[in-house]
Amino acid sequence: MRYYEVDFKINIGTSGANIQDVRDLIAAFAGEVGFETFEDTDTGIRGYVQTDIYDDAALKQAVNDIPITGIDIIYNVKEAEYKDWNEQWENEGFEPIVIGNDCVVHDGRHLPGDEFDIAIEIDAHMAFGTGTHETTRMMISTILDEKTDGKTVLDCGCGTGILGIAALKKGAASVVGYDIDEWSVDNARHNAIINNVDERFNSILGDATVLDNLTKNFDIVVANINRNILLNDMPRFRKKMKDNSILIISGFYKNDTATLKAKGESLGLTLKQEKNDGDWACMTFMPCGKQ
């Protein structure tokens with residue numbers, strides 16, 4: 001899958017606006033036209049969008065719709081560097097990653113030297129989620145701290161399937177995962193097989209609209225996705241939650257937590273727990289009035 005890299009240069013001019021507020025607005029408006037992830041730059045913000053869905057006219061309109069007068073936003077589009085992640089994976093892999101006291105994530109070439117209660121093997125063929133990123137580690141740690149025995153789990157944007165596999169190895173009954181990337185869906189199935197949990201793991205190709213076709217609700221919903229997709233998809237997540245379920249989310253910065261908390265509250269969810277690792281955050285929600 002190929003991406004465009006779009007650099008937005010922000011000139012505050014005489015508006016008196018805060019550059020971070022403008023960055024947040026660009027991310028929100030660009031997210032509405034297909035951008036998946038963002039990173040701050042010295043002069044503004046950089047976003048990434050799949051080449052197949054990029055619409056320059058829609059992006060221009062989105063930038064024009066930003067409700068701050070007196071600012072100037074110029075953007076430059078180029079094709080993002082393409083890497084053969086399969087080849088890089090074959091050559092490198094990753095060293096075992098210990099999460100908490102009883103869980104280790106490893107690949108097939110770097111086996112853990114010690115015994116752990118939960119060992120997760122991941123072949124990350126072009127899919128996100130090996131435990132090397134702060135958000136993935138916080139998500140796994142949170143899942144392992146929860147009561148998972150016999151629970152049903154929904155893994156939104158499943159990537160390698162690592163979160164669902166962690167839940168299954170902690171005693172969950174079943175996992176349904178979905179992802180917009182066909183590579184990720186196939187990779188999640190592959191990783192479920194090598195972890196001997198494939199009979200309880202079902203991965204589906206698609207975005208959050210696939211949830212509209214699921215007839216059952218879930219005890220635990222997990223999503224490690226960027227802020228804008230979370231804000232857009234949380235209403236669908238909420239509809240698939242049981243009365244006493246929890247929603248665990250990450251993939252965003254600490255300064256995004258107030259926005260996501262407000263979104264959760266608008267959906268009848270209350271914040272149960274927040275974790276931070278560096279600049280990144282992880283939040284756990286539950287239905288209001290539930291314990």
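The values are calculated or read from the model by the stated rules, or taken from the named source; none is laboratory data. Since we're looking at a predicted model, the values are computed, not measured. No Cβ is skipped: glycine too gets one built from the backbone with ideal geometry, and neighbour counts run over all protein chains shown. To get the accessible areas, we keep the full protein, side chains included, count just its heavy atoms, and leave off ligands, DNA and RNA. Shrake-Rupley method; radii C 1.70, N 1.55, O 1.52, S 1.80 Å.
A few comments on the model shown:
- When the residues of the range 180-194 are filtered to those that are out of contact with any strand residue (DSSP E or B) (no Cβ under 6 Å at 6 or more places or on another chain) and open to solvent by less than 20 Å² (accessible area, probe 1.4 Å), the one that is farthest from Asp212 (Cα to Cα) is Asn191.
- All of Thr259, Thr270, Thr209 fail the test of being among the β-branched types (Val, Ile, Thr) and touching a strand residue (DSSP E or B) at 6+ places or on another chain (Cβ under 7 Å), apart from Thr270.
- Scan of the range 50-85 for residues that are under 17 Å from Asp7 (Cβ atoms), open to solvent by less than 70 Å² (accessible area, probe 1.4 Å), of a type outside the set (A, V, I, L, M, F, W, C) and out of contact with any Asp or Glu (no Cβ under 8 Å at 6 or more places or on another chain), ordered by number: Tyr54, Asp56
- Yes/no for Asn202 being in contact with a Lys or Arg (Cβ under 7 Å, 6 or more places away or on another chain), surrounded by fewer than 20 Cβ atoms within 10 Å (Cβ to Cβ) and in a strand (DSSP E or B): no
- Answer residue from the range 108-132, given it is modelled with pLDDT of 75 or more, closer than 25 Å to Asn226 by Cα and touching a strand residue (DSSP E or B) at 6+ places or on another chain (Cβ under 8 Å) and is most open to solvent (accessible area, probe 1.4 Å) among those: Glu121
- Within the range 234-268, the set of residues being under 15 Å from Cys282 (Cβ atoms), in a strand (DSSP E or B) and either open to solvent by 50 Å² or more (accessible area, probe 1.4 Å) or among the hydrophobic types (A, V, I, L, M, F, W, C) (or both) comprises Ile246, Leu247, Ile248, Ile249, Phe252, Tyr253.
- Within the range 212-232, the residues that satisfy the criterion of being crowded, with 18+ Cβ neighbours inside 10 Å, among the aliphatic types (A, V, I, L, M) and over 24 Å from Phe29 (Cα atoms) are Ile220, Val221, Val222.
- Residue match in the range 5-20 (condition: open to solvent by 40 Å² or more (accessible area, probe 1.4 Å), at pLDDT below 85 and either in contact with a helix residue (DSSP H, G or I) (Cβ under 8 Å, 6 or more places away or on another chain) or under 19 Å from Leu231 (Cβ atoms) (or both)): no
- Of all residues in the range 281-290, at least one satisfies being outside any helix (DSSP H, G or I), over 19 Å from Leu25 (Cα atoms), among the charged types (D, E, K, R) and modelled with pLDDT under 95.
- For the range 222-261, a residue qualifies if it is at pLDDT 95 or above, within 12 Å of the chain's Cα centre (by Cα) and of a type in the set (Val, Ile, Thr), and the qualifying residues are Val222, Ile248, Ile249.
- Of all residue pairs spaced 6 or more apart or on separate chains, those with beta-carbon atoms under 8 Å, a first member in the range 170-191 that is of a type in the set (Lys, Arg) and a second member that is in a helix (DSSP H, G or I) and open to solvent by 10 Å² or more (accessible area, probe 1.4 Å) are Lys170/Leu144; Arg189/Asp198.
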